[in-house]
1. Does region 146-169 contain any residue that is more than 26 Å from residue 40 (Cβ to Cβ), surrounded by fewer than 17 Cβ atoms within 10 Å (Cβ to Cβ) and among the aliphatic types (A, V, I, L, M)?
2. I need every pair where a residue in region 6-29 that is over 13 Å from residue 86 (Cα atoms) has its Cβ under 7 Å from the Cβ of a residue that is buried (at least 18 other Cβ atoms within 10 Å of the Cβ) and at pLDDT below 85, sequence separation at least 6 or different chains.
3. Residue 148 versus (1) under 14 Å from the mean Cα position of the chain (by Cα); (2) without any contact (Cβ under 8 Å) to a residue 60 or more places away in the chain; (3) under 26 Å from residue 203 (Cβ atoms): which is the lone unmet condition?
4. Hey, can you tell me all the residues within region 16-30 that are on the phi < 0 side of the Ramachandran plot and among the small types (Gly, Ala, Ser)?
5. Working only within region 31-50, note down all residues that are on the phi > 0 side of the Ramachandran plot and either without any contact (Cβ under 8 Å) to a residue 24 or more places away in the chain or within 20 Å of the chain's Cα centre (by Cα) (or both).
Amino acid sequence: MTVVSVNTGGPRDVHVNGDTVRTSIWKSPRNGRIRVVGFNLEGDEQSDLSVHGGRYKSVYVYPSEHYAYWRKKLPDADLPWGVFGENLTTDGMLETDVCIGDRFRIGSAEFQVTQPRQPCFKLGIRFGRDDMLKRFVASGRSGFYLAVVQEGELGRGDDIHVTHRESCSMSVADIFALKMGTRAATDMLQRAAAIKTLTPSWREHFLSRVR
């Protein structure tokens, strides 16, 4: 498993249908070593901390393997690394293989998987398509968020090492399908809600559906 690209960006104002939207979804690949400090990569900044960033969504990962799928689905789109707003474009870390709570060391920093990405309307703005959210959810190619366990530094080309596999957890893909689906077995919802390393708001969502 390796880091294909490290991408960062800051807030910008985008004019959409007469409104001004502040977003940090535009990310650009970075060279050299990038520090991991607090809840961020150095040089990265979120626009709305109520829905992005913070302890449980510090770093967003998107598998490079998904780009081939999107190039077929969106043949006219420009798809540079980071176009999905990801901080780390990776190779060998698919949602079906990674579980909530898994830990990884990249460079000298360590991270823990906390939740899939639930897309917001800003993804549609980035791609200039009103149907992008629907396409993204239907694809099942969500990517996932990491919490920072240990600060350090990382860079493009770094190997990704597994430091801990969470037992009795669920894969990112299964959690995403459960969250996005309208129906689910009660035992699956209870199992998801019991994952202590899952972002608290997601655990509460599954608990509310059980109730």
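The values are calculated or read from the model by the stated rules, or taken from the named source; none is laboratory data. None of the values given here were measured: they were computed from a predicted structure. All Cβ positions, even for glycine, are placed from backbone atoms using ideal geometry, and neighbour counts span all protein chains on display.
1. So far as region 146-169 goes, no, none of its residues is more than 26 Å from residue 40 (Cβ to Cβ), surrounded by fewer than 17 Cβ atoms within 10 Å (Cβ to Cβ) and among the aliphatic types (A, V, I, L, M).
2. 11/47; 22/47; 23/47
3. (2)
4. Here is the first cut: in region 16-30, the ones on the phi < 0 side of the Ramachandran plot are 16, 19-30.
Matches in region 16-30: 24, 28.
5. Initially, region 31-50 is screened for residues on the phi > 0 side of the Ramachandran plot, giving 32, 38, 43.
Answer for region 31-50, where residues must be on the phi > 0 side of the Ramachandran plot and either without any contact (Cβ under 8 Å) to a residue 24 or more places away in the chain or within 20 Å of the chain's Cα centre (by Cα) (or both): 38, 43.
A quick yes/no check of all residues on (1) modelled with pLDDT under 95; (2) farther than 17 Å from residue 128 by Cβ; (3) buried (at least 18 other Cβ atoms within 10 Å of the Cβ):
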{"site": "27", "(1), (2), (3)": "no, no, yes"}
{"site": "33", "(1), (2), (3)": "no, yes, no"}
{"site": "44", "(1), (2), (3)": "yes, yes, yes"}
{"site": "50", "(1), (2), (3)": "yes, yes, no"}
{"site": "54", "(1), (2), (3)": "yes, yes, no"}
{"site": "58", "(1), (2), (3)": "no, yes, yes"}
{"site": "75", "(1), (2), (3)": "no, no, no"}
{"site": "85", "(1), (2), (3)": "no, no, yes"}
{"site": "103", "(1), (2), (3)": "no, yes, yes"}
